[in-house]
Amino acid sequence: MMQPALDIVIAALERIRQTSDHLPRASRTAVARLQASHPLIAYMPAAANKAELLVPIRDRVRACTKCPHLACSRTQTVFGVGNPDADLMFVGEAPGVDEDQQGEPFVGRAGQLLTKILKTMGFAREDVYIANILKCRPDTPTGTFGNRVPTPTEMQTCRPYLVDQIEVIQPKVLVALGAVAVEGLLGTRGTMRELRGRWHAYNGIPLMITYHPAYLLRNQAPSEKRKVWEDMLQVLERLNRPITERQRNYFL
Ligand code: URA
């Protein structure tokens, strides 16, 4: 490409980055290639620290009031947790009451089950990255218990933050937990029966869809637990992680 054309592309990317709510949709590899052919312009250093790149996204989430009803009702935003360099990233639905209080995803009962699943896979929570479609707890009428499913509008509004997180982290494998997470991520609705247990893709990243841990808490049938575990075995295989005989035979 001619240098003046490169100047225009890089300057445009930089402008989008500075003025837009989310990062421009240019893969880091593409940007690195542009830079390599045009070293004088500093745009998103290829070797930039992923943790540092997450900071401005976290700041935007923290200050977000795009859903005024959620900004009013939340205790705090729940950005994400774990290793920004993770090969494996989990995407859930939205913070529940425990997550809203602690500011960390998946710390309640469902989260404890997710942590157990991770442990059985051979991971600590710190090894993977965990985030939700929504960064605020869906509000519920005062005096009521339980969680509410995020609305499509809430998910659409919040999705760009997750898109940016994934763009920075660039995991080798994504796992969507439950049909709501799938709808938030891919914009497609489907039953878990149709969706789970096989590979999908999000922006070229292999995506495994499995049941939300809360489903397993509601439905303790060994057959359902085994399904989730089989999905996780596929994830381990895709990541080229060694699988022990014990893991193969495991029922959550
Ligand atoms: N359920 C989710 O989907 N996300 C959380 O963070 C907690 C429960």
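The values are calculated or read from the model by the stated rules, or taken from the named source; none is laboratory data. A quick note: this is a predicted structure, and the numbers were derived from the prediction, not measured. Ideal geometry is used to build each Cβ from the backbone, glycine not excepted, and the neighbour counts take in all protein chains shown. Heavy atoms of the whole protein, side chains included, go into the accessibility calculation; ligands, DNA and RNA do not. Shrake-Rupley method; radii C 1.70, N 1.55, O 1.52, S 1.80 Å.
All told, GLU183 falls short of being closer than 27 Å to SER223 by Cα, out of contact with any Pro (no Cβ under 9 Å at 6 or more places or on another chain) and of a type in the set (Asp, Glu). Close Cβ contacts (under 9 Å, 6 or more residues apart or on different chains) running from residues in the range 203-216 that are open to solvent by 30 Å² or more (accessible area, probe 1.4 Å) and in a strand (DSSP E or B) to residues that are within 11 Å of the ligand (Cβ to nearest atom) and among the charged types (D, E, K, R) are absent. Taking the numbered list (1) under 20 Å from ASP164 (Cα atoms); (2) more than 13 Å from the ligand (Cβ to nearest atom); (3) not small (Gly, Ala, Ser) in turn, PHE79 passes all entries but (2).
VAL91 meets each of the listed conditions (1) more than 21 Å from PHE145 (Cα to Cα); (2) in a loop (DSSP other than H, G, I, E, B) apart from (2). Return the residue satisfying two criteria in turn: it lies in the range 96-111 and is of a type in the set (A, V, I, L, M) and near the ligand (Cβ under 8 Å from one of its atoms), and of such residues it is surrounded by the fewest Cβ atoms within 10 Å (Cβ to Cβ). It comes out as VAL107. Take the conditions at pLDDT 95 or above, open to solvent by less than 10 Å² (accessible area, probe 1.4 Å), under 18 Å from ALA181 (Cα atoms) and assigned to a loop (DSSP other than H, G, I, E, B) and apply them to VAL78. Does it pass? Yes, satisfied.
Of all the listed residues (GLU183, GLU237, GLU154), the sole one being of a type in the set (D, E, K, R), modelled with pLDDT of 95 or more, assigned to a helix (DSSP H, G or I) and surrounded by fewer than 16 Cβ atoms within 10 Å (Cβ to Cβ) is GLU237. Only a single criterion out of (1) open to solvent by 40 Å² or more (accessible area, probe 1.4 Å); (2) more than 9 Å from the ligand (Cβ to nearest atom); (3) under 14 Å from VAL175 (Cα atoms) is not satisfied by GLU93, namely (2).
Considering (1) under 22 Å from LEU54 (Cβ atoms); (2) open to solvent by 20 Å² or more (accessible area, probe 1.4 Å); (3) touching a residue at least 40 places away in the same chain (Cβ under 8 Å), say which one ASN132 fails and leave the rest. Going through the list (1) under 22 Å from LEU54 (Cβ atoms); (2) open to solvent by 20 Å² or more (accessible area, probe 1.4 Å); (3) touching a residue at least 40 places away in the same chain (Cβ under 8 Å), ASN132 breaks only (2). Within the range 188-201, the set of residues being open to solvent by less than 60 Å² (accessible area, probe 1.4 Å) and outside any helix (DSSP H, G or I) comprises GLY190, ARG196, GLY197, HIS200. Mind checking whether some residue in the range 112-121 is within 12 Å of the ligand (Cβ to nearest atom), on the phi > 0 side of the Ramachandran plot and surrounded by fewer than 19 Cβ atoms within 10 Å (Cβ to Cβ)? The answer is no; no qualifying residue exists. Being more than 9 Å from the ligand (Cβ to nearest atom) and open to solvent by 50 Å² or more (accessible area, probe 1.4 Å) is the requirement here; does PRO141 meet it? In short, yes. Which one is nearest to HIS212 (Cα to Cα), of the residues in the range 166-180 that are open to solvent by less than 30 Å² (accessible area, probe 1.4 Å) and away from the ligand (no atom under 14 Å from the Cβ)? So the residue we want is LEU174.
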